[in-house]
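Since the structure comes first, as structure tokens, the remarks are kept for the end.
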Amino acid sequence: MATAKWPAQDQRKLIGKRIDRLDGPAKATGAAKYSFDINRPGMLWAKLITSPHARAEAVSVDFTEAKSLPGVRATWENPNSIGKDQAGNGKIQYIGQIVAAIAADTEEIAKEAASRVKVQYAPMPHQANDRDPQLFQGQPGGRNVGNVEEALAKADVKIEGEYGIPVITHCCLESHGQVAELRNGQLNLWPSTQAVSSYADVSMTDASGGLQRSNIHVDCQHMGGGFGSKFNPGTWGVASTALSKQAGRPVKLMLERDEELMIGGNRPSAYAKIKVGAAKDGTITAIDAEVWGTAGPGGGIPQQIPYVIDKIPNIRLSVKRIATNRGPAAAWRAPNHPQQCFLTMSAFADTAAALKMDELEFFVKNAQLTARPDVYTEELKIAADLIGYRQKAHLRGDPRPGSVKRGLGMSMHTWGGRGHRSECDVTINPDGSVEAKTGSQDLGVGTRTVITIVVAETLGLPMESVKVEIGRNSYPASGGSGGSTTVGGVSTASRLASTDALNALIEVVAPKLGVQADALEASDGYIRQIDKPNNRIAWKNACALLGVNSITKRGLNDPGPAEQQGFISQGVGGVQMADVAVDIETGVVTINEMVGVQDCGLIIDLKTAESQVHGSMIMGVAYALYEEAVYDFKTGRMLNADMEFYRLAGLKDVGKLKVHMMTSKSYEDRGVIGLGEPPVISPGAAIANAVANACGVRVPHLPLTPDRVIAALQKGGIV
Amino acid sequence: MSEKLEPSQVSGVSRRGFLKGLSVGSVATGLLSDAAPSEAAERGRIQGPGEIPVTLRINGKNEKLSVEPRVTLLDALRNRLDLTGAKKVCDRGTCGSCTVIVDGHPVYSCSMLAVEAEGRAITTIEGLGTPAKMSAVQKAFVKHDAQQCGFCTPGFVVASTAFLRLNPNPTLEDARAGLGGNLCRCGTYAHMAEAVVEAAKSTKGGA
């Protein structure tokens with residue numbers, strides 16, 4: 001009999017190896033069909049009509065001129081945008097808010113028709129400024145531990161700084177949207193989503209005129225990036241479903257690029273004034289922080305300051321969420337952590353600089369104030385070795401002559417990553433074929449590959465023998481891919497299901513081999529006797545013994561028990577270091593090298609796991625150096641809602657990257673832990689600290705653009 | 001635009017060629033637009049605004065379709081011919097996700113009109129390989145895991161293929177510069193240059 005417990009390292013044939021992602025060939029050849037690529041017979045195109053005002057009442061919508069265009073088939077008005085709310089105010093809260101939608105035979109006609117829809121607005125005063133804490137009214141959140149005033153007064157060294165990280169957007173390359181096809185009482189949806197099983201929510205029932213979930217079919221085989229912003233159908237989903245219902249034809253509605261950047265989701269800003277007190281030996285004794293920022297009209301902003309190094313005896317924190325008439329925030333990969341990390345680690349690196357203390361020594365010392373001192377200390381040492389810290393390090397300010405200064409910086413981060421509730425069915429057929437089905441999704445992280453590895457490993461088969469199907473809500477439910485919860489969820493569920501299925505097969509095979517089921521295992525394409533491997537039966541022949549009946553078993557990852565049983569765990573630590581060059585004449589920052597050291601429990605596919613870390617570091621380079629949703633406070637408009645001026649990192653921008661995964665037994669024994677979020681947290685802080693170390697002054701606000709670097713150099717000072 | 005683009009001028013960076021086009025005319029003029037005028041332009045009369053017949057030579061096959069003159073090559077490929085490998089992302093010549101090869105040069109298909117592409121040899125990602133029979137570049141992208149969500153990947157693969165045809169023996173640095181006209185959001189750059197250089201070595205030209 002097989003046990004479900006994860007196999008030991010020397011027993012594994014697939015788990016933990018470097019394995020190519022299974023959908024790689026489909027993606028590299030353009031054969032993979034994303035939601036944006038779904039073309040249905042008779043399909044209409046829909047375009048949105050959005051508000052040009054940051055705050056207003058949309059008084060009326062007139063489709064007359066738009067409908068006069070040949071080929072216009074359906075129109076939709078958004079009740080959540082038109083008219084007044086209960087308090088008597090207009091419902092428009094930000095530029096880009098969806099007011100109406102229109103569907104036509106071709107994309108060109110739909111676009112032109114949308115431009116001919118006349119909406120009458122009554123503009124109202126708006127507020128788009130997130131930089132001034134005075135704009136906050138009300139009672140700040142926060143906490144108070146110990147006595148900050150007294151501790152700061154007694155500290156051997158004190159620093160005071162202001163830091164900031166702006167709103168950035170998700171900028172998914174596949175914009176938000178879906179194809180909706182409502183006919184004969186069945187609603188078929190092809191959405192770009194990171195939550196297939198829960199996508200058909202009440203908004204789809206309402207928009208379809210009351211269809212039950214059993215008649216709403218969701219299919220998402222490939223999706224072009226979500227990063228936390230693609231869980232629910234959204235207003236665009238409601239619009240396309242309603243338009244399909246009205247027209248009786250399929251409707252494709254994908255956001256335009258400017259809409260994607262303005263309303264497709266963003267990461268809240270976080271600005272802070274921070275005071276830190278420390279003892280001569282480097283131990284941090286007090287932190288006093290005022291944090292403010294915006295998540296748009298609603299939502300929360302980062303507030304766990306200090307971050308990771310948080311066992312500080314004296315903490316005072318005041319958090320002010322500034323409501324703005326700007327596009328709403330959405331979960332952005334490791335929600336709140338990158339901001340908290342940047343604010344905290346920047347202030348702490350400045351403390352080390354004020355102490356004239358080596359930064360590595362300072363962080364190793366203060367790793368004692370974290371939840372996992374041993375892990376962070378070990379990771380700091382590994383990262384230092386990988387980047388050549390000893391050879392390259394200097395105190396703040398590169399002392400060498402010349403206009404290009406070089407510096408090192410570092411940061412630490414943490415994340416949960418416990419696998420979500422997830423079900424998986426594994427079927428063994430009499431012809432020997434194996435299927436696994438789960439309503440999960442692959443955001444590009446390798447979900448298909450991970451499930452295939454686990455099932456093949458469990459059944460002792462090559463990966464080609466296992467067919468994995470995901471991405472449909474008719475399959476056993478699996479949680480949304482948020483918070484690094486997918487790999488733990490699907491790997492445990494598929495492990496449990498395939499173990500149960502195998503044991504059912506072994507029961508059938510045991511009499512044939514003349515032994516008890518307990519004596520058998522699956523390995524190398526055989527069911528065989530554990531202590532007498534030559535007493536065996538080939539997989540196909542074993543399955544033939546099933547007669548006409550397949551075996552199907554369902555596995556459930558129930559997070560609590562699964563964690564207790566060691567299948568999954570949570571809470572990882574990571575350290576990153578950056579080596580940068582700063583041209584102090586031009587202000588241009590170049591990444592020479594970055595190192596990421598990451599703990600994530602038992603790794604299923606080392607190749608795609610490393611890619612997650614590489615990708616996170618590259619996203620980090622982008623938000624450290626380039627990304628900012630620039631808003632004009634006067635109009636409330638995002639000024640760079642395109643990809644020319646909302647800059648992502650290119651191939652030449654990322655420098656040399658080194659990734660080290662913590663894979664020793666003590667880490668693996670914890671079970672599987674998610675990896676999507678943690679490595680994206682530290683890059684902003686590590687790069688900003690490296691820039692400060694290079695050029696001798698703190699550049700206080702991300703992104704570290706040339707103008708900001710030059711301004712900081714002109715201002716001077718340590719902080 | 002009176003000159004023909006030399007290989008060294010395009011060297012995989014279709015944005016540069018695109019900007020060149022911009023400097024002498026409008027966006028609609030596009031890359032290479034005077035190298036071989038379209039049939040429509042040759043006929044010297046105003047086309048549209050309704051649909052007009054266009055024949056496009058795509059992956060060695062003639063495709064007859066009827067499009068309005070304002071339809072981009074990208075939209076014609078995706079919406080009319082169901083060739084959805086080229087992706088629509090920025091829709092204004094920045095990200096490279098829509099890259100196709102036109103007369104041997106990488107082109108942002110969002111920035112060329114379908115009517116302008118008439119009479120030219122167009123190669124899309126679908127013309128480079130299939131999952132069962134991948135090109136050297138495609139194999140190298142899979143092997144080096146130079147893709148995650150994969151939405152930018154066809155654009156990168158096409159751009160890499162065109163780059164290698166013009167630069168058969170690139171260094172890693174050449175590859176990084178040559179693919180500067182494409183963007184990825186997941187951050188799949190870590191081993192992309194290695195993939196391109198390896199593909200070059202395995203085939204002496206990549207595709």
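The values are calculated or read from the model by the stated rules, or taken from the named source; none is laboratory data. This structure is a prediction, so every number in the text was calculated from the model and none was measured. Counting neighbours? That spans all protein chains shown, and the Cβs are built from the backbone with ideal geometry, glycine included.
Numbers at a glance
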| quantity | calculated |
| --- | --- |
| Filter result (crowded, with 24+ Cβ neighbours inside 10 Å and either polar (S, T, N, Q) or part of a loop (DSSP other than H, G, I, E, B) (or both)) within the stretch A:421-430 | A:Ser422 |
| All positions within the stretch B:178-192 that are more than 7 Å from chain A (Cβ to nearest Cβ) and under 18 Å from A:Leu657 (Cα atoms) | B:Cys184, B:His191 |
| Candidates B:Ser97, B:Ser109, B:Ser135 - the one that is more than 8 Å from chain A (Cβ to nearest Cβ), small (Gly, Ala, Ser) and closer than 30 Å to A:Thr447 by Cβ | B:Ser135 |
| Residues of the stretch A:631-658 that turn out to be closer than 21 Å to A:Ala685 by Cα, more than 8 Å from chain B (Cβ to nearest Cβ) and touching a strand residue (DSSP E or B) at 6+ places or on another chain (Cβ under 9 Å), as a count | 5 |
| Any hit, the stretch A:612-620, residues being away from chain B (no Cβ under 14 Å) and in contact with a helix residue (DSSP H, G or I) (Cβ under 9 Å, 6 or more places away or on another chain) | no |
| Search result, residues across the stretch A:250-284 that are within 14 Å of chain B (Cβ to nearest Cβ), assigned to a strand (DSSP E or B) and surrounded by fewer than 23 Cβ atoms within 10 Å (Cβ to Cβ) | none |
| Subset of the stretch A:16-63 [over 29 Å from the mean Cα position of the chain (by Cα), more than 29 Å from A:Lys467 (Cβ to Cβ), part of a loop (DSSP other than H, G, I, E, B) and not basic (Lys, Arg)] | A:Gly42, A:Met43, A:Pro52, A:His53, A:Phe63 |
| Odd one out for A:Ala497, checked against (1) assigned to a strand (DSSP E or B); (2) closer than 18 Å to A:Glu435 by Cα | (1) |
| Close pairs from the stretch A:206-228: first in the same structural domain as A:Met619 (by TED's automatic domain parsing), partner at pLDDT 95 or above and of a type in the set (Ser, Thr, Tyr), Cβ under 6 Å, at least 6 apart | none |
| Scope the stretch A:269-293; condition more than 21 Å from A:Leu135 (Cα to Cα) and touching an Asp or Glu at 6+ places or on another chain (Cβ under 6 Å); matching residues | A:Lys275, A:Ala279, A:Lys280 |
| Filter result for the condition that a residue is surrounded by 19 or more Cβ atoms within 10 Å (Cβ to Cβ) and closer than 30 Å to A:Leu69 by Cβ, over A:Ala151, A:Ala122, A:Ala104 | A:Ala104 |
| Scan of the stretch A:285-299 for residues that are out of contact with any strand residue (DSSP E or B) (no Cβ under 6 Å at 6 or more places or on another chain) and surrounded by fewer than 21 Cβ atoms within 10 Å (Cβ to Cβ), ordered by number | A:Pro297, A:Gly298, A:Gly299 |
| Residues being within 30 Å of B:Pro131 (Cβ to Cβ), surrounded by fewer than 24 Cβ atoms within 10 Å (Cβ to Cβ), more than 9 Å from chain B (Cβ to nearest Cβ) and among the hydrophobic types (A, V, I, L, M, F, W, C) - total across the stretch A:1-42 | 3 |
| Hits in the stretch A:647-676 - residues which are acidic (Asp, Glu) and more than 18 Å from B:Ala190 (Cβ to Cβ) | A:Glu668, A:Asp669 |
| Of all residues in the stretch B:113-132 being of a type in the set (A, V, I, L, M, F, W, C) and closer than 22 Å to B:Ala193 by Cα, the one that is nearest to the other protein chains (Cβ to nearest Cβ) | B:Ile125 |
| Residues satisfying the stated conditions in the stretch B:81-128, i.e. surrounded by fewer than 23 Cβ atoms within 10 Å (Cβ to Cβ) and at positive phi | B:Asp82, B:Asp91, B:Asp103, B:Gly104, B:Gly119 |
| Residue in the stretch B:138-173 that is nearest to A:Gln221 (Cα to Cα), counting only those that are more than 8 Å from chain A (Cβ to nearest Cβ) and either without any contact (Cβ under 8 Å) to a residue 24 or more places away in the chain or of a type in the set (Val, Ile, Thr) (or both) | B:Val158 |
| Failed criterion for A:Ala354 (all others in (1) outside the structural domain of A:Leu639 (by TED's automatic domain parsing); (2) over 26 Å from the mean Cα position of the chain (by Cα) hold) | (1) |
| The listed residue being small (Gly, Ala, Ser), surrounded by 24 or more Cβ atoms within 10 Å (Cβ to Cβ) and not assigned by TED's automatic domain parsing to the domain that holds A:Val450, out of A:Ala629, A:Ala624, A:Ala581 | A:Ala624 |
| Enumerated helices (runs of 4 or more DSSP H) restricted to the stretch A:336-394, each holding at least 3 residues that are among the aliphatic types (A, V, I, L, M) | A:337-354, A:373-387 |
| Of all residues in the stretch A:169-178 being within 12 Å of chain B (Cβ to nearest Cβ) and assigned to a strand (DSSP E or B), the one that is surrounded by the most Cβ atoms within 10 Å (Cβ to Cβ) | A:Gly177 |
| Qualifying residue in the stretch B:67-79 (condition: among the acidic types (Asp, Glu) and away from every other protein chain (no Cβ under 11 Å)) | no |
| Hits in the stretch A:205-226 - residues which are part of a loop (DSSP other than H, G, I, E, B) and in contact with a strand residue (DSSP E or B) (Cβ under 9 Å, 6 or more places away or on another chain) | A:Ser208, A:Gly209, A:Leu211, A:Cys220, A:Gln221, A:Met223, A:Gly224 |
| Residue tally, condition surrounded by fewer than 20 Cβ atoms within 10 Å (Cβ to Cβ), basic (Lys, Arg) and touching a residue at least 12 places away in the same chain (Cβ under 8 Å), over the stretch A:382-404 | 1 |
